[in-house]
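Shown next, in structure tokens, is the structure this report addresses.
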Amino acid sequence: MRAKKLTAIFICGVTVAALLLAGVFLSTHIEHDCTGNHCLVCDAMAACGNLLRSLVGLLIFLGLFLPEMLAAQFGRPASAHHVRPTTLVSLKVKLLN
């Protein structure tokens, strides 16, 4: 269990670092002297932009569908808040013979 937790934290850290570094790179090189065709800085900026778009799309997808997928896997509705199971005690049934 500890290895899974560490792996999840590592993946989250790498994702956050990629987002931050891509954003910093884009903001610092927004006004560069472009050399024209096949400019390395423009290519790197395009790659950073694609990375940001794909990660944001992935985060939106996970935010929308991950709770439903987990709820389906564990067999309970995702939107149900504190659903109490129906038992004989909760129905106040007396088991008198």
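See the values below:
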item	result
Two-decimal Rg to Rh for region 1-76 - Kirkwood Rh, Cα set	1.17
Carbon plus sulfur fraction of accessible area for region 1-71, probe 1.4 Å, in percent	74 percent
Computed accessible area, CYS34, all protein chains, 1.4 angstrom probe, square angstrom	80 Å²
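The values are calculated or read from the model by the stated rules, or taken from the named source; none is laboratory data. Only a predicted model underlies this, so the values are computations on that prediction, with no experimental measurement involved. Note: areas computed on protein heavy atoms with side chains; ligands, DNA, RNA excluded. Shrake-Rupley method; radii C 1.70, N 1.55, O 1.52, S 1.80 Å.
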